[in-house]
């Protein structure tokens, strides 16, 4: 793969910013050098993702969304991270497997996809656990096609259906247009849900959605789209109630300064149940800063 050509005019995500990342940074905030902030076992994922020892998460720095409320703000917006070579990242994958990881989970990986593929090429023959692609959902189908044969489980968000909400919080009014296409491409690529003997997901898609305060109707609309377009055999749905009003959220978003109410969250989960969607919901006690990982370069 000619990574130099890809990064010299970057179009890996829907921003298509065209930045020369061999000489500077793209919209994501990153160059053509891998940057990550943590690699460790993470036990707080969905039960089918972290089912035994925990997911082997690698948290990459930078992001193509820069959501104003991001719980991983220190790495997505402030770009806290450590530089890694392709070979060093490959070694991280093997160390996670040796530590008993249930899978290799790539968190916010989009802007490093060509380098991740190069890293996986070095060790794929030695990996015996699934590779999980954990993304904010703002993806190009062309980038997802590059990952065919490398990713076993997709873990995308569908954050918004409303262009106005997506514009306000992530400067991406076209978010749903791209996310919906990408999620369909993911489900087609990996196919039906498959589990191992311990209940771990080894192939398939889990669609995540974080319920935001004051926007339950948008959340319900997303549940309805999923029910209309994706078979329960091909995807689970994870409805998250962990939204936390961090102090860094700008005062211009007063509606984001509170937690999601029980009524708001239950109205979404109830509608999902009515639609026959299978998957997971969260205990509202997860809406706490205690669940934000410590990004201190652990495991790198």
Within a Gaussian network of the chain (alpha carbon springs, distance under 10 Å), most fluctuating of 77, 168, 134: 168
Cα centroid separation - the stretch 86-133 against the stretch 6-47, whole Å: 15 Å
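I'd like to compare 251-260, 139-148: which one has the highest average count of other Cβ atoms within 10 Å, and what's the full order after that? Intermediate results must be reported in sequence, preceding the final value.
Values: 251-260: 13.8, 139-148: 17.5.
Going by the mean number of other Cβ atoms within 10 Å, highest first, we get 139-148, 251-260.
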Peptides 34-44, 272-282 ordered by average Cβ neighbours within 10 Å, highest first: 34-44, 272-282
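Since every read-out is calculated from the coordinates, none of them should be taken as a lab result. Just so we're clear, the structure is a prediction, and the values are computed from it rather than from any experiment. With ideal geometry, Cβ positions are generated from the backbone for all residues, glycine too; neighbour counts draw on all protein chains shown.
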